[in-house]
Structures are given as structure tokens and as C-alpha cells.
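Each remark here refers to the structure printed beneath this line.
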Amino acid sequence: MANDTSAVLDPVSPHSLADPFTPPADSSLWRKNFLLGAATAAYQIEGAIHEDGRLPSIWDTFSATPGKVLAGDTGAVACDHYHRWEADVDLLAGLGLEGYRLSIAWPRVMDAAGTPNRKGIDFYKRLLARLKEKGITTFVTLYHWDLPQHLEDRGGWLNRDTAYRFADYADLMSRELAGSVDAWGTLNEPWCSAYLGYGNGHHAPGLANGRFATQAMHHLLLAHGLAVPVLRANDPRSQKGIVANIGRGTANSDSAADQRAAHLFEVQHNAWVLDPLLKGEYPQDLFELWPGTEPLVLDGDMKTISAPLDFLGINYYFRTNVASDGAHGFKEVPLEGVERTQMGWEVHPDGLRDLLTGFKDTYANLPPIYITENGMASDDQLSDGKVDDSQRISFLKRHLAAVDEAITAGVEIRGYFLWSLMDNFEWAFGYERRFGIVHVDYATQKRTLKRSAELVAKFLKERGART
Ligand code: FCB
């Protein structure tokens, strides 16, 4: 049995007795137009990497390389969502989630010559049709890190041509799927693609060179900027945006050097992506931090990159405490005695609020925001058919409260997608790190609601019943 939603509706479930999740009565999260959903990404859940003409991606290559992913895990099977998508949509709908953020696997839908792969495209058509039938609002990310390997073989994001190939891919998908997508996200977290993929090699394709990172970033942002008008032309009624991960950096002391270090941390994590998009320029402090890494920028690129957006997706996970490294940069100084998740990430909801209110002051043209990812990994265990993930429940509640505070402070935030609907392939950490509100037993592919899922469903039910 692939999905078990019975616990949601079971009034005698022991889990329904206490409710540590539901937001306070005056929270703006009770507003019915505040979209509450869940997110996933193709490579992390689909599996079926050799089926129906799908081509290899950089993550297939990377995860098959010994030593790159914990325990040698790969996305070859993942959550087998490619075969179980109907039951997974029922699971999502059964929880009452109103929004679903998914991604399309580029290597599934077109070949190296740009020829469409009908079977791959039809998979997404069926999935989106079913989501529509269930009344679920869809946010579709075009690029959640699974670059076709044939493009990497020609330089990947270091090759300017990849940006134009991305625009072709956006053109194909938006012609094929026009009318069935509510919001298009061009890229997920270009910071991770550029920095982890080309700057320190922790992610695919695994290259480590600072100059590569800034050039890859430029081509990623260019790809985004080239795709936006294409999406607008092909699918005018949908929203168009991009998803950025943001990080809070705080100073280890009041010293000017440490304050500067915290500033540089946020320049590197946030302004590197947001300034080009929202101001049409790279932050000059970035090149003080990384001297000599200025990317090659052609005339008109910054205008293309800063095309107006309908929404900005924000992914937030943790804060980093930093000090000056004694030279131009910063170094992490981990705080003792703070709450952390299975990833070792510090739980710091105020960081989300403070960053959001800060962006409102920094960017005059800040678009409406959706929190497109927020959540945590824990070492969740099934016991008597239940998973008590109390840290996650508390985490979600506190971060939703931080979102509410940012809304009260005047930031336009229209929705929140928790990461993730279900446990999945957590990139370099494989299957060990569980981020889902639904537990996945990878041996049987059985899905089991965690207590967090039950409580989110309970809240949504109560909210839905309000007049
Ligand atoms: C984000 C990714 C997402 C997931 C979470 C935990 O950086 O976008 O795919 O892995 O982290």
C-alpha cells in the first residue's frame, strides 16, 4: 500500500489529542489566501533514470562516482515517484495541502538535438492534470540541479551556450504545459548550482574553482533572464519567478571586523544572487571577498537578468555565526548549546524574519514572496506504524510564526511550501537525512504519515472549515 492517509481523519488517533502545531488565532496563516503546500524535486523523488528515453544527468554521474554521496546512494530508484505519482498526488490532496512545488527533469523531456521526448513530457502532463483535478496550485521549477550530462560534457554552466539551451528547454515546456502550471520557477537555488557545483565541488558536477563559481552563476542567471520572456509569451496567465536560498550570517562579536565578516557572509550567500536579479548589478563586495573572480559579462546581460519577476521564491534553513578570518573574509564559529537538526544546521527562525524584513528595505522592487522551501531533517524512526517527529513540528510552527511576523512587518508573503512532502534523496547525504512530513520506507516504498503531516492536515482542515 503506497499511501495511508487514514490517520488524518481518525478522530481517535492518539496524535490528535495534543496539538503543538496550529498557529495562534490572530496569525495571518489562517487567511485562506495564504497558500500552504509542500515541495519536492525530480531527481530526489522520481527514480526511473533509464526509463522512457530519459538521458543521464550530472547527478547520475556524480552519485555514481565513489566517495561523492554518503553510503554510495544514488537517485536511481529514489521514491519511485515516476511509477507511484498517482498515489503520491492522492497523498498530498488527502493532507489538504493546497500547493505543490515540483520540478521537471530536463534530461527526461528533450535530447541533445533539442528533439522533444514525448514520453517524458506526457509524464508531466498527466501529473499536472491530476493535480489540477485535485484543485492543487502548482509551482513548477524548470531546473532543480539535474543538468543533462551531454551539456556538462560541453562545459555545463561554464559554457554560455547552456543559458541559450535552457531558454530552448523553457520554450518547449511552456508551450507543452501552458495552462496547467500556476507558477513557473526558472531555477532552484542558483547559489548551490554555482558554488557547491563549481566552487567547492560538494555537488555535481563536482568542480572546485572560485572563478568557475562566479562564471557559472552568471550563466545560470542569464539562463533565467532569457527564459522569463519566453515563459511570458507562451503561458501568459501563469506567474514567473525564481527560487533563491538565503542564509543568515551573524557576527561572533561587536568588533568591526566580525560585523564586516557577517556582512560579507550575507553578500556571498544572498546579494550575489539577489542584487543581479533585483538591482541589475553584482555586489562589488563579493569581489573584495574573492578578488579576481569577476565573471565575463556581455553588454545587455544585466538587463536581461533583472527582467521583472511576478514572485521571488525564498528557501531558508539556518543561520551561520561568523568571525573575521583575519584577512579579507569570514570563517564560521559554530555556536555551542544551540538547537540543531540532523544536518547539523542551527534552528534559527528569527533569521528568516530578519532577512525578509531586510530585503524589503534593501530592494525597492522586491516582488511578492513565496517561501518555496523550509523544513528540517531528523533521524525519524517508525514505531508501531507511527513517526513522532516532534522537533519538526516545533520547527515548522516557529518558522511559520517568523513568516507571520515578517508579514506583520509589511513584507508581502503569499505562501509557504514545506520541504519536503516525503523523505527523499538528499543530494550528497543520500537517504540518511529525512526531510519529509511523510516517511518513506525505501525497501518497500511504503509511505507513512509522520505526526507533522497529521497536524498540518488538521490545521488545514480547520482553516478550510472556517467561513
Ligand atoms: C535545498 C534544496 C532541496 C533540499 C533542501 C534540503 O537546498 O533545494 O532540494 O535538498 O535543500
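Taken together, the values in this text are just the output of simple stated rules run on the coordinates, not laboratory data. These figures come from a predicted structure and were not determined experimentally. Please note: Cβ atoms are built from the backbone with ideal geometry, for glycine as well, and neighbour counts cover all protein chains shown.
Rounded to whole Å and sorted largest first, list the principal axis extents of the Cα atoms in region 6-466.
64, 57, 45
Kindly provide the helix-only [θ] at 222 nm of the chain, computed as the sum of -39,500 (n - 2.57) over DSSP H runs of four or more divided by all residues, to the nearest 500 deg cm²/dmol?
-11000 deg cm²/dmol
Just name one of Asn234, Ser253, Leu222: the one whose Cα is farthest towards the positive end of the charge dipole of region 209-261 (beta-carbon charges, Lys/Arg +1, Asp/Glu -1).
It is Asn234.
How high is the FRET efficiency between Val333 and Asn200 when r is their beta carbon distance and R₀ equals 22 Å, given to the nearest 0.05?
0.70
Suppose R0 equals 22 Å; then what is the FRET efficiency for Lys32 and Asp310 from their Cβ-Cβ distance, rounded to the nearest 0.05?
Efficiency for this residue pair is about 0.60.
So which lysines can Lys331 reach, going by Cα to Cα under 25 Å and dropping same-chain residues fewer than 8 places off?
Lys68
Evaluate the relative contact order of region 284-433 (contact order divided by residue number), counting alpha-carbon pairs under 8 angstrom at least 6 apart; express in whole percent.
Computed over region 284-433, the figure is 24 percent.
Can you put Trp184, Trp272 in order of Cβ neighbours within 10 angstrom, beginning with the fewest?
Exposure proxy ranking, most exposed first: Trp272, Trp184.
Straight distance only, please: which lysines reach the Cα of Lys386 with their own Cα at less than 16 Å, same-chain residues fewer than 8 apart left out?
Straight-distance partners of Lys386: Lys446, Lys450.
Calculate, in nm to one decimal, what Asp361 and Asp325 gain on full extension: separation in residues at 0.36 nm each, minus their alpha carbon distance.
That pair, Asp361 and Asp325, stretches by 10.1 nm at full extension.
Could you list log10 I(q)/I(0) for region 327-443 at q = 0.13, 0.14, 0.16, 0.22 Å⁻¹, which the Debye formula gives when each Cα is one point scatterer?
After summing over all Cα pairs, the log10 values are -0.63, -0.72, -0.88, -1.23.
Figure the gain on full extension for Leu298 and Arg126 (residue separation times 0.36 nm, minus the Cα-Cα span) and round it to one decimal in nm.
Gain on stretching Leu298 to Arg126: 57.9 nm.
Residues in region 432-462 near a label at Asp379, defined as backbone nitrogen under 16 Å from the 7 Å Cα→Cβ point?
Counting backbone N atoms under 16 Å from the label point, the list is 432-435.
Report relative contact order for the chain in percent, whole number only (criteria: Cα-Cα under 8 Å, sequence separation at least 6).
19 percent
Let's test the formula: R0 of 41 Å, r as the Cβ-Cβ distance of Ala64 and Ala409. What FRET efficiency results, to the nearest 0.05?
Calculated transfer efficiency: 0.30.
Among the trypsin sites (Lys or Arg not before Pro) within region 14-102, which fall in a DSSP loop and have no more than 14 other Cβ atoms within 10 Å of their own Cβ?
Arg31, Lys32
With each label point set 7 Å from Cα along the Cα-Cβ vector, what nm distance links His50 and Glu133?
If labels sit at His50 and Glu133, their model points lie 3.1 nm apart.
So which of Lys240/Lys461; Lys240/Lys360; Lys360/Lys397; Lys303/Lys360 end up more than 26 Å apart by C-alpha?
Over 26 Å apart, Cα to Cα: Lys240/Lys461.
Once you have the Cα-Cα distance between Asp153 and Arg232, take 0.36 nm times their residue separation minus that, and quote the gain in nm to one decimal.
Fully extending the segment from Asp153 to Arg232 adds 25.4 nm.
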